[in-house]
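Inspection log for the structure reproduced underneath, given as structure tokens.
The values are calculated or read from the model by the stated rules, or taken from the named source; none is laboratory data. Source: prediction; values computed, not measured. Here the Cβ positions follow ideal geometry from the backbone for every residue, glycine too, while neighbour counts run over all protein chains shown. Areas reflect the complete protein model, heavy atoms only, side chains present, ligands, DNA and RNA absent. Shrake-Rupley method; radii C 1.70, N 1.55, O 1.52, S 1.80 Å.
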Amino acid sequence: MQTKATTFPRLLLAHAQQQPDAPAVREKDLGIWQTWSWAMVAREVREIACGLASLGFKAGDNLAIVGANRPHLYMAVLAAQSLRGVPVPLYQDAVAGEMVFMLEDASIEFVIAEDQEQVDKLLECRELKKQGAGIGHIVYDDPRGLRHYDQPGLLGYDKLRELGRAFDAAHPGFFDESVASVEPGDVAVILYTSGTTGRPKGVCQTHASFIAAGRGGVETDRLGPGDNVMSYLPMAWVGDHLFSVAQWLVGGFTLNCPESSETVMNDMREIGPSYYFGPPRTFEGLLTAVSIRMEDAAAPKRWLYAKFMALARRVGSDILTGAPVGLGDRAMYALGNLLVYGPLRNVLGMSRIRVAYTAGAAIGPDLFRFYRSIGVNLKQLYGQTETCAYVCLQQDGKVKLQTVGSAAPGIELRIADDGEVLVRGVSVLKEYYKRPDATAEVLDADGYFHTGDAGVIDAEGHLRIIDRAKDVGRLAGGAIFAPNYIENKLKFFPQIKEAVCFGNARDEVCAAINIDFEAVGNWAERHGLAYGGYVDLAGKPEALALIGECIAKVNADLASEDGMGETQIARFLVLHKELDPDDDELTRTRKVRRGFIADKYRVLVDALYGGKTEQYIETQVKFEDGRTGVVNATLKIVEAKTFPVLKAAA
């Protein structure tokens, strides 16, 4: 039930009027699903907004929000916007030292936090903040563990609502007048970039931009009140704000919040969402879990799975799109749907999926093909924080494995002379917060946003992203080197969790690999291989041989691809620790900080290219409780199997 309201608070009030009793939000708490209707959400947002106003929050103020996906936190987003303020979601797994930068940068005085863990970090941030500027008010949603806290400015969520009801009664008309004053061009949210190349920047997006992005997606996929979406990704990530705020409020469907990050798959099976979104890492993780289960299955089940998956790879995508497929293959696929594909979708929580999207990083074509082949209508979208995650959409019937789709409604695409993708249209940022210099660097005089991605547009208008422009290079022999392309091929294998490839201006490509501890551990146990933790398992000759087999398969693929044969991996090593955001090796959105890793592990990169067979390394790591330690190991450097390059036909 779409409405033409032009700001998020007005969209909420329109749904509360048009479908007051329809389910707006659900949350699983203590094993039971709790439901808020649209009318209930509107009433609670009113109470939170008036409660904040009673504490002194006003138009132009920024409200930090930190925690997992919780209905009250999404309502806090709308409450801030209703006062013509600006919500600033922060990553819930950020440590205090990271969080304090954004709190200072956004001049935060008001915070709504999920629980004791976040309150503890915020109190630490309060001590770290410079020049005496402090967080005056911290509102917590979950009171467990906070009963005896007596620090100034701490307030429970229920108490805030109580204050709001009293303020609303004493100031009749205040809330409605405040909502009416919000303009489409006002900043609706500040989302901080992941910081792959330096300090995060606050991206200011307006109500108009995000609503246009939300409406484009809703209309493309015909979403409405009958749809359900699972909200489980960080609230600070632009993808979640597009799906769980903008599209939710435009389309009027139901938002479902899981009990915890560990119960997402079980909760999905209970809810059966019709609409799903996940970054490639999520889809990789789901496939890894399936692969582990199949390795543990009895021989007849493994045979059945292999037989029907081979059929699915051959005809599954064609059946999904309605392309011509032989009667015999259709009959066999229907049998496979009964025996394999349907149960598999159920295990993944995707039995009722009508539309699924992935974005946030490039997805390997093998992974993409797998989901579509088993009947999951997985599509790609492309965008950045600076474009509301809305630049390209793949439309039904027009899905290509190697592209991210054509320009979304309201978007213009152009490829610069140097190959960079340029974007202009409804979703482009207003500015970087307090950074006119940075804004001028990415927005040109014609209004195009410079994405930093290298890409090409094919004859049908579909965009293919090659890699980050700054990461695309050439080998010493002149061959184009796109590390992300190779890394995605590697990560299709369940045994490989992360990969970082090197090769720019070098004679050949080398790789550093993170094993997937669960998948490789399961494999080791089935083969009777004893190990004593991640470091020990990663260094086992048998584990190195297993990874070598995966790399050989990738090299065989590269050898057969036009222009890619020269970028086969020559040597590799398996890292002694997992790459971790707490160690600054990944961003909070799990993107590899390639330059940082190359510097941090310079001794390993030099060993890969220096002809060594092993290299000792000590690495400092941060633990979840803030302590630091050292992990050390002698890493083996392994020669990879390579293949003759197949020359393209003349």
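In the stretch 73-94, the count of residues that are hydroxyl-bearing (Ser, Thr, Tyr) and open to solvent by 10 Å² or more (accessible area, probe 1.4 Å) is one or more. Within the stretch 499-511, can you find the residues that are of a type outside the set (Lys, Arg) and either without any contact (Cβ under 8 Å) to a residue 40 or more places away in the chain or open to solvent by 10 Å² or more (accessible area, probe 1.4 Å) (or both)? Of everything in the stretch 499-511, those that are of a type outside the set (Lys, Arg) and either without any contact (Cβ under 8 Å) to a residue 40 or more places away in the chain or open to solvent by 10 Å² or more (accessible area, probe 1.4 Å) (or both) turn out to be Ala499, Phe502, Asn504, Ala505, Asp507, Glu508.
Taking Ser194 and the conditions (1) part of a loop (DSSP other than H, G, I, E, B); (2) open to solvent by less than 20 Å² (accessible area, probe 1.4 Å), which numbered condition does it fall short on, given that it satisfies the others? All conditions are met except number (2). Against the test of being farther than 22 Å from Asp186 by Cα, open to solvent by 20 Å² or more (accessible area, probe 1.4 Å) and either in contact with a Ser or Thr (Cβ under 9 Å, 6 or more places away or on another chain) or in contact (Cβ under 8 Å) with a residue 60 or more places away in the chain (or both), the options Glu44, Glu117, Glu27, Glu124 yield a single qualifying residue, Glu27.
Only one entry of Gly629, Gly610, Gly595 meets the criterion of being closer than 22 Å to Thr567 by Cβ, within 32 Å of the chain's Cα centre (by Cα), of a type in the set (Gly, Ala, Ser) and modelled with pLDDT of 85 or more, and that entry is Gly595. If the condition is being crowded, with 16+ Cβ neighbours inside 10 Å and either out of contact with any Asp or Glu (no Cβ under 7 Å at 6 or more places or on another chain) or in a loop (DSSP other than H, G, I, E, B) (or both), then the stretch 461-472 contributes His462, Leu463, Ile466, Asp467, Ala469, Asp471, Val472.
Within the stretch 37-93, restricting attention to residues that are under 25 Å from the mean Cα position of the chain (by Cα) and among the aromatic types (Phe, Trp, Tyr), the residue that is farthest from Lys121 (Cα to Cα) is Tyr74. Residues that are among the aromatic types (Phe, Trp, Tyr) and loosely packed, with under 13 Cβ neighbours inside 10 Å do not occur anywhere in the stretch 626-644. Just one of the listed residues (Gly375, Gly405) is at positive phi, open to solvent by less than 40 Å² (accessible area, probe 1.4 Å) and in contact with a Cys (Cβ under 7 Å, 6 or more places away or on another chain), and it is Gly405.
Only one entry of Val421, Val428, Val456 meets the criterion of being over 22 Å from the mean Cα position of the chain (by Cα), closer than 21 Å to Tyr390 by Cα and either assigned to a helix (DSSP H, G or I) or in contact (Cβ under 8 Å) with a residue 12 or more places away in the chain (or both), and that entry is Val456.
For residues that are in a helix (DSSP H, G or I) and not acidic (Asp, Glu), scanning just the stretch 220-242, find the one that is farthest from Thr35 (Cα to Cα). Out of the qualifying residues, it is Thr220.
Reported count of residues in the stretch 251-270, each being part of a helix (DSSP H, G or I) and within 12 Å of Ile32 (Cα to Cα), is 2.
Out of the residues in the stretch 170-191 meeting the condition of being free of Cβ contacts under 8 Å to residues at least 40 places away in the same chain and among the acidic types (Asp, Glu), tell me which one is surrounded by the most Cβ atoms within 10 Å (Cβ to Cβ). Per the stated criteria, the residue is Asp176.
The criterion of at least 2 residues that are over 20 Å from Lys489 (Cβ atoms) is met, among strands (runs of 3 or more DSSP E) falling completely within the stretch 533-650, by 614-622, 628-636.
Just one residue in the set Phe167, Phe210 is more than 17 Å from the chain's Cα centre (by Cα), over 24 Å from Ala359 (Cβ atoms) and either touching a residue at least 12 places away in the same chain (Cβ under 8 Å) or buried (at least 20 other Cβ atoms within 10 Å of the Cβ) (or both); that residue is Phe167. The residue that is nearest to Leu242 (Cα to Cα), among those in the stretch 408-418 that are open to solvent by less than 30 Å² (accessible area, probe 1.4 Å) and in a loop (DSSP other than H, G, I, E, B), is Ala408. Scanning the stretch 303-313 for residues that are within 24 Å of Val355 (Cβ to Cβ) and either open to solvent by 60 Å² or more (accessible area, probe 1.4 Å) or in a loop (DSSP other than H, G, I, E, B) (or both) gives a single hit, Arg313. Exactly one residue among Pro365, Pro300 is open to solvent by 60 Å² or more (accessible area, probe 1.4 Å), at pLDDT below 95 and out of contact with any His (no Cβ under 6 Å at 6 or more places or on another chain), and that residue is Pro300. Go through the stretch 318-341 and count every residue that is outside any loop (DSSP other than H, G, I, E, B), surrounded by 14 or more Cβ atoms within 10 Å (Cβ to Cβ) and of a type in the set (A, V, I, L, M, F, W, C). The qualifying residues number 5. Taking the conditions (1) surrounded by 13 or more Cβ atoms within 10 Å (Cβ to Cβ); (2) more than 16 Å from Ile65 (Cβ to Cβ); (3) out of contact with any Cys (no Cβ under 6 Å at 6 or more places or on another chain) in turn, Arg147 satisfies each one other than (1). Residues of the stretch 512-532 that are of a type in the set (D, E, K, R) and either surrounded by fewer than 18 Cβ atoms within 10 Å (Cβ to Cβ) or free of Cβ contacts under 8 Å to residues at least 40 places away in the same chain (or both): Glu518, Glu525, Arg526.
For the stretch 373-395, filtered to residues that are assigned to a loop (DSSP other than H, G, I, E, B) and in contact (Cβ under 8 Å) with a residue 60 or more places away in the chain, the residue that is farthest from the chain's Cα centre (by Cα) is Ile374. Out of the residues in the stretch 1-60 meeting the condition of being at pLDDT 95 or above and among the β-branched types (Val, Ile, Thr), tell me which one is farthest from Ser209 (Cα to Cα). Looking at residues that are at pLDDT 95 or above and among the β-branched types (Val, Ile, Thr), I get Thr35. Name every residue in the stretch 479-506 that is at pLDDT 90 or above, assigned to a loop (DSSP other than H, G, I, E, B) and among the small types (Gly, Ala, Ser), in order of residue number. Of everything in the stretch 479-506, those that are at pLDDT 90 or above, assigned to a loop (DSSP other than H, G, I, E, B) and among the small types (Gly, Ala, Ser) turn out to be Gly503, Ala505. The number of residues in the stretch 181-210 that are over 17 Å from Thr385 (Cβ atoms) and touching a helix residue (DSSP H, G or I) at 6+ places or on another chain (Cβ under 9 Å) comes to 5. Exactly one residue out of Val535, Val554 is open to solvent by 30 Å² or more (accessible area, probe 1.4 Å), touching a strand residue (DSSP E or B) at 6+ places or on another chain (Cβ under 9 Å), β-branched (Val, Ile, Thr) and within 29 Å of Arg293 (Cβ to Cβ): that is Val535.
Examine the stretch 127-140 for a residue that is modelled with pLDDT under 95, surrounded by 11 or more Cβ atoms within 10 Å (Cβ to Cβ) and in a helix (DSSP H, G or I), and state whether such a residue exists. Looking through the stretch 127-140, at least one residue is modelled with pLDDT under 95, surrounded by 11 or more Cβ atoms within 10 Å (Cβ to Cβ) and in a helix (DSSP H, G or I).
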